[in-house]
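Every number here is computed from the coordinates shown, using simple stated rules; none is lab data. This structure is a prediction, so every number in the text was calculated from the model and none was measured. Here the Cβ positions follow ideal geometry from the backbone for every residue, glycine too, while neighbour counts run over all protein chains shown.
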Amino acid sequence: MTVQPQRRRVSWPAALAAVVGLGLGAVAINRLGLHHLMSSLVGVRAGWLAAATALMVLSLLVRALSWLVVLRAALPGTRVPVAVVARATMIGVMVSALLPGRLGEAARAMVVARRVDGVAVVAGTILSQTLLNLVALVALGAAVIASAGVLSAPVGALLATGAPAALVGLMLVAPSALRRASRRGPSWLRRATARLALELDRARGGLRVFLHVRDGLAATLAQFAAWSVQVLSAYAVLQALGLARTVGLAGAAAVLVAVNLTAVVPVTPSNIGVFQAACVAVLAGFGVPGGRGLAYGLVLQAVEVLTALALGLPALAAEGLSWTQVRRATTTLAD
């Protein structure tokens, strides 16, 4: 009997996302002018680009360190190898850079869960980092707005702590509410809510780091340091394009806030097109022409994606995984 080769299915959402991204890019280039774009790209300073790349690498390593602290607090008595956490972080960043959706989070959870028990707890540690990222992102946004004199410091502090506190409160209350809901309704709904309550209980183990002052402080400071280094990387790209004097460090922080907010619900792979539109919109507020803003968005994203590939591919090989394996596993885990 002859075995027919299995046809590879086309991922229509990914194909559509790619078309949307290319379309947005084409519209932007046509509207802002190819000449202005090319003149900005030709004058890029290679030394500052190298500095931006090095800072991006450092930022990812510090993020891995923060996650290591969270993992060890959530899994007491379990050996969590430093190298595995670093490689999982790099693989996750690469997956997020190449695929639409938040599959990078599932990818790094999958890589670590291969070495330690407790997928739900590992997923909970990613929630802890998400909370820290949310605090840092809101704090950055508040600082940018406050520097413009629009927002007072107390209001900024309230925004920086209120949203994460609400999410933590929801995590604490949701399991009990779901268990009560599992006593009523159809049998399939009772089973689903009971299972969800169990998984949330396990995931709360990932928040254990915040019960220990030293570990919680170390993880928080490391995550904030990673964001600070990433702001410096974005500023180095401004220097590479000769925009630093016009925009300044506050502008680099504003760009970082904007591109991360637009990536909350990714539309295209690497959020291409939307990423550049966010950069153009933010830099326009600092008096940067559209063509130069688009050039900045292209260069900044190129630095991020190339760094992700340069770190992610060796990490993938060191873990003995193929791209196909990671893609299938992360898609299944995300579903």
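Overview of values
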| read-out | value |
| --- | --- |
| Under Karplus coefficients 6.51, -1.76 and 1.60, residue-wise ³J(HN,Hα) of region 76-86 in Hz, glycine/proline x | x, x, 9, 7, 10, x, 4, 4, 5, 5, 4 |
| Burial ranking of peptide ranges 71-78, 220-227 (average Cβ count within 10 Å, highest at the top) | 220-227, 71-78 |
| Cα-projected label distance for A310 with R191, points at 7 Å along beta-carbon direction, nm | 5.1 nm |
| Where labels lie 7 Å past Cα in the beta-carbon direction, separation of T78 and R328 in nm | 2.5 nm |
